[in-house]
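One structure is given here, and the rest of the page talks about it.
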Amino acid sequence: MSKLGNLGARLHRGEISYDFVGKRKIWYGISILITITAIVGLAVRGLNMGIEFKGGAVFTTPTKMSTSVAQAETYAKDASGHEAIVQKLGNGSLRIQIAGIDTGQSDRIKQELAKDLNLNPEKLAADLVGPSWGEQIANKAWEGLGIFMVLVVIYLAIAFEWRMAVAALVALIHDITITTGIYALVGFEVTPGTVIGLLTILGYSLYDTVVVFDSLKEQTKDITKQTRFTFSDIANQSINGTLVRSINTTVVALLPVAGLLFIGGGFLGAGTLNDISLSLFVGLAAGAYSSIFIATPLVADLKEREPAMKALTKRVLAKRAQAAAEEDLAADRAAVADDSDAAPAVVGPRNQPASRNRGRGRPSGKRR
């Protein structure tokens, strides 16, 4: 068996464990810090909305262009008076995006760009995108997100309980906030592919959370009939028991996404891959983090506020205190027994000569 498999088996059997739930305040603090950073990034920098949401024109040159990206950006800015986004595609062609222009401006800009790039205007492809199309996509995405959240809460409340539903909802909001904040800080363009990626990560995040919740539900059946473990103890066992599985699932999902992000988008220059791969990469990592460090500890916090769980915690702690006291008493008795065994059973050798010499110098017979 591999080392990771052996570790997973030992975690599942409870031979070793890490106190995730007991250190939940640390995880809450880290998440709050990251979330605040993401919100600040959204407020200060804002999202770099793509041309699909702002409207404008997209010009695509033929393949194997000798013009650099910086030169093309200068040409586009001089021709339009707007900032332009230029991407070099894998086949060597240039994709020039200029937002905020209409059809009349697009025709004029096309002629000037063709002249600057030494191209025949007919070989310079131009596509005009209206902002209404992007607004429709955004509205549909918000509608889909809202419906998804409602259905998730209803399902988890029925399949598990409302506390788990609330914890899963908090974890999902946590993942979306961090992902959008990273987009704002990095400055990547938000396109329909980004929206698709954001909606996709919700399923991955929810999957890891439900795996832990299912294990927690099985292990907490008739929990009040025993006095060995509190709810937090069993919640921590559930996280440790599914930890290796969650790590394996996340790594397997992240590897192809990392290939799209760093190889496809970085080396090959496929900008459309960056749009969806960054949201997937950040979202998958945030989802794995929230399922382990946020969702389950939050369930433990909510659950242990119940009167039955409070009473169970008191009984468990009282029993542990009694067991600790008995162990201390047994240790003290063993120490006393060891001391008594080590003590001498006869009088020391210094007194023996005195007793021997007590009768010396006297006759053994009767006194005259």
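Miscellaneous remarks
- From the list 208, 275, the lone residue that is in contact with a strand residue (DSSP E or B) (Cβ under 7 Å, 6 or more places away or on another chain), on the phi < 0 side of the Ramachandran plot and in contact (Cβ under 8 Å) with a residue 12 or more places away in the chain is 275.
- With respect to (1) in contact (Cβ under 8 Å) with a residue 24 or more places away in the chain; (2) in contact with a helix residue (DSSP H, G or I) (Cβ under 6 Å, 6 or more places away or on another chain); (3) open to solvent by 30 Å² or more (accessible area, probe 1.4 Å); (4) farther than 23 Å from residue 260 by Cβ, the lone exception for residue 105 is condition (2).
- Some residue of segment 114-136 being at positive phi and not assigned by the TED database to the domain that holds residue 235: yes
- Some residue of segment 258-277 being open to solvent by 30 Å² or more (accessible area, probe 1.4 Å) and modelled with pLDDT of 85 or more: no
- From the list 91, 139, 118, the one residue that fits, being open to solvent by 70 Å² or more (accessible area, probe 1.4 Å), more than 13 Å from residue 51 (Cα to Cα) and at pLDDT below 80, is 91.
- Among (1) over 18 Å from residue 191 (Cα atoms); (2) among the polar types (S, T, N, Q); (3) open to solvent by 30 Å² or more (accessible area, probe 1.4 Å); (4) touching a Lys or Arg at 6+ places or on another chain (Cβ under 9 Å), the one test that residue 111 misses: (4)
- From 249, 194, residue being touching a residue at least 24 places away in the same chain (Cβ under 8 Å), part of a helix (DSSP H, G or I), open to solvent by 20 Å² or more (accessible area, probe 1.4 Å) and more than 30 Å from residue 319 (Cα to Cα): 249
- Taking the criterion of being assigned to a helix (DSSP H, G or I) and either under 23 Å from the mean Cα position of the chain (by Cα) or aliphatic (A, V, I, L, M) (or both), the residues of segment 101-141 that qualify are 109, 113, 114, 137, 138, 141.
The values are calculated or read from the model by the stated rules, or taken from the named source; none is laboratory data. What you see is a predicted model, and the numbers here were worked out from it, not measured in a lab. Positions of Cβ are generated from backbone atoms using ideal geometry, with glycine treated the same way; all protein chains shown enter the neighbour counts. The area values use the complete protein model at the heavy-atom level, side chains included, leaving out ligands, DNA and RNA. Shrake-Rupley method; radii C 1.70, N 1.55, O 1.52, S 1.80 Å.
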